[in-house]
Amino acid sequence: MAPPPPPQRRAETRVAFAGNSAELPTAGRGDLDAMARRLAADESLRLQLNAYAADQPGDSGSQARRLSLTRALAVRAYLIDKGVRSTRLDVRALGSPQDGGPPDRVDLVIVGR
């Protein structure tokens, strides 16, 4: 019998993107700055970037995964510019969300301790 899946961790921070855009929104930068400070204060923390994008009509889902990856990489680059080491950031491009949350977002989840 397979072990149960690990419980979903709650997003500490969520960056909402405009539909079909991978440009990092100005509104999310303050939250990202706070997250960078939190990571600087505790070297044992890692961050998982879970990125989502809405499926477009007629798309097989690959376009949503590509867009979600581009969004996650934009958030990652911003955090690296703020001093977070890249080895502490895990990127997950998940495409269209299956969790009922908003489609155009990157969730930042703290892992490890």
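Each reported figure results from applying straightforward, stated rules to the coordinates on display, with no laboratory input. The structure presented is a predicted model; accordingly, all values stated were derived computationally and were not measured. Every residue, glycine as well, gets a Cβ built from its backbone with ideal geometry; the counts of neighbours run over all protein chains shown.
Rounded to the nearest 0.05, what FRET efficiency do SER62 and ARG85 have when you use their Cβ-Cβ distance and R0 = 25 Å?
So the FRET efficiency works out to roughly 0.25.
Rounded if a/c is under 1.5, else prolate if a/b is larger than b/c, else oblate: which is region 61-113, with a ≥ b ≥ c the root eigenvalues of its Cα gyration tensor? The shape class here is prolate. Computed over the chain, the per-residue total of -39500 (n - 2.57) for DSSP H runs of n ≥ 4 gives a 222 nm mean residue ellipticity of -9500 deg cm²/dmol, rounded to 500. In the chain, the C-alpha radius of gyration followed by the widest Cα-Cα span (Dmax) gives 14.3, 47 angstrom.
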